[in-house]
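These notes concern the structure reproduced below.
The values are calculated or read from the model by the stated rules, or taken from the named source; none is laboratory data. If you're wondering where the values come from, they're calculated on a predicted model, not measured in any experiment. As a convention, Cβ positions derive from the backbone with ideal geometry for all residues, glycine included, and neighbour counts pool all protein chains shown.
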Amino acid sequence: MEIYLTWVKSNPLLSAAVQFAILGTLGEIVSFSVQRKRLALPCTWPQLLAKMAAWALLGVIIKYAFTGMKGFAAALVEHGLLPAFFAAGFGRAFAVSVFTNLLFGPQMMAFHRLEDNLILGQRGFAGITTAWKTLLWFWIPAHTLTFLLPADYQIGLAALWSLALGLIMGFTKRRPPQPAAHTEA
């Protein structure tokens, strides 16, 4: 664990990029595989490499957002715009999570969809409303736990949450079994 912490502290942006490139992409593969009930890739190998680069970019953007939202929440408390309960502990973690997911999350998800559309040669935002709903039922609670941890663990856990959500979404999008073809004798 000490090697990991040293690497994260020495390379905050690179470590964010690498962790999201690996775990975010793995989340997509797991989700797609669970949907298909077999190990499967959601796209071609070149597209998968591009998706890894897209996840890496998101990791860097998320690292900046986490840092900025912590300052945002602290400034609101300092200026009396949030009660002192939100200055530390659970209250701080919850406030940072809410601001991160409501003020940053929708735009980040839309940007991620644009990345995917470019990579896959698609258009549109089908399913974005469902993705936005995860901000409320998944990401706010998950990131509340994330922001209770020391800062050096937060990006790694956020990337792990991406994998966890991929698994959850895979099960919710599973295809029903196709009926067997009926033949009459």
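For every residue, the table says whether it meets (1) at pLDDT below 95; (2) under 30 Å from Ala50 (Cα atoms).
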residue: Ala93; (1), (2): no, no
residue: Phe111; (1), (2): no, yes
residue: Phe138; (1), (2): no, yes
residue: Ala159; (1), (2): no, yes
residue: Ala185; (1), (2): yes, no
Of these, Leu76, Leu39, which one is more than 16 Å from Leu149 (Cα to Cα), aliphatic (A, V, I, L, M) and assigned to a helix (DSSP H, G or I)? Leu76
Across region 58-88, which residue is farthest from Ser15 (Cα to Cα) among those that are surrounded by fewer than 16 Cβ atoms within 10 Å (Cβ to Cβ) and either of a type in the set (Val, Ile, Thr) or within 23 Å of the chain's Cα centre (by Cα) (or both)? Gly71
So which residues in region 119-131 are closer than 20 Å to Ala65 by Cβ and surrounded by fewer than 17 Cβ atoms within 10 Å (Cβ to Cβ)? Ile128
Taking Ser97, is it in a helix (DSSP H, G or I), in contact with a Gly (Cβ under 9 Å, 6 or more places away or on another chain) and closer than 23 Å to Val8 by Cα? no
Can you confirm whether region 18-28 contains a residue that is modelled with pLDDT of 95 or more and more than 20 Å from the chain's Cα centre (by Cα)? no
Checked against (1) farther than 16 Å from Leu23 by Cα; (2) in contact with a helix residue (DSSP H, G or I) (Cβ under 9 Å, 6 or more places away or on another chain), Thr129 satisfies every condition except (2)
Selection from region 21-36 of residues of a type in the set (Gly, Ala, Ser) and surrounded by fewer than 21 Cβ atoms within 10 Å (Cβ to Cβ) yields Ser33
